[in-house]
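The values are calculated or read from the model by the stated rules, or taken from the named source; none is laboratory data. Quantities reported herein were computed from a predicted structural model and do not represent experimental measurements. Here the Cβ is made from the backbone with ideal geometry for all residues, glycine too, and neighbour counts use every protein chain on show.
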């Protein structure tokens, strides 16, 4: 079959062509695969960065509401303002814990009579940080539900007078995070 030079040349050329096409296919597959993987990584990075910004904006908006309650916290009756802030800010409760171990709540339902705000983690964390804090989830003393607290100390002439805080139920936190969905336009 390969006795003639012509047949040998055709066989060698065909073999070279098949090997070249096979190598080209393998190289194209690898390059395309790497590009697709990099594109997926870029999309995930971009999407997670935008969602991180959305969550940070949500936290900042909650903290802004609580920080705005500082001037009112030391007034004689901050409860009407706390009720408005709770309603407008999506809090289950907005309240102030005074250094005198008393507290005022936008919704005092379920709060024990012997409630001492100075013993609560949100109070202690805000005092320790000497600034705004967001607590880890914990069981609320009034509702018995899992909440996250946004808290900020209230000072008068440099002395700690109180800590104003607001609770957000974890149900709404989870709903907020679940509401974040990538769209076809998420990656630019």
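Among residues that are in a helix (DSSP H, G or I) and in contact with a strand residue (DSSP E or B) (Cβ under 6 Å, 6 or more places away or on another chain), residue 26 is not included. No other residue among 150, 91, 82 is closer than 19 Å to residue 63 by Cα, part of a loop (DSSP other than H, G, I, E, B), touching a strand residue (DSSP E or B) at 6+ places or on another chain (Cβ under 6 Å) and at pLDDT 90 or above apart from 91. Screening the candidates 107, 130 for the property of being surrounded by fewer than 18 Cβ atoms within 10 Å (Cβ to Cβ) and over 21 Å from residue 177 (Cβ atoms) yields one hit, 130. Inside the range 141-163, residues that are buried (at least 21 other Cβ atoms within 10 Å of the Cβ) and under 21 Å from the mean Cα position of the chain (by Cα) make up a count of 5. Checked against the criterion of being under 20 Å from the mean Cα position of the chain (by Cα), modelled with pLDDT under 90, exposed (fewer than 11 other Cβ atoms within 10 Å of the Cβ) and closer than 30 Å to residue 174 by Cα, the range 40-50 has at least one qualifying residue.
Quick one: would you say residue 136 is touching a residue at least 12 places away in the same chain (Cβ under 8 Å), outside any strand (DSSP E or B) and touching a strand residue (DSSP E or B) at 6+ places or on another chain (Cβ under 8 Å)? Here the answer is yes, as residue 136 does meet what is asked.
Please work out if residue 73 is within 18 Å of residue 62 (Cα to Cα), over 20 Å from the mean Cα position of the chain (by Cα) and touching a residue at least 60 places away in the same chain (Cβ under 8 Å). It is true that residue 73 is within 18 Å of residue 62 (Cα to Cα), over 20 Å from the mean Cα position of the chain (by Cα) and touching a residue at least 60 places away in the same chain (Cβ under 8 Å).
From the list 140, 116, 107, the one residue that fits, being at pLDDT below 90 and over 30 Å from residue 50 (Cα atoms), is 140.
Are any of the residues in the range 33-43 out of contact with any helix residue (DSSP H, G or I) (no Cβ under 6 Å at 6 or more places or on another chain) and touching a residue at least 12 places away in the same chain (Cβ under 8 Å)? Looking for residues that are out of contact with any helix residue (DSSP H, G or I) (no Cβ under 6 Å at 6 or more places or on another chain) and touching a residue at least 12 places away in the same chain (Cβ under 8 Å), one finds at least one in the range 33-43, hence yes. Out of all the residues in the range 117-127, which are surrounded by 13 or more Cβ atoms within 10 Å (Cβ to Cβ) and over 19 Å from the mean Cα position of the chain (by Cα)? Within the range 117-127, 117, 118, 120, 121, 123, 124, 125, 126, 127 qualify. Total residues in the range 80-104 satisfying the condition of being free of Cβ contacts under 8 Å to residues at least 60 places away in the same chain and crowded, with 18+ Cβ neighbours inside 10 Å: the figure is 3.
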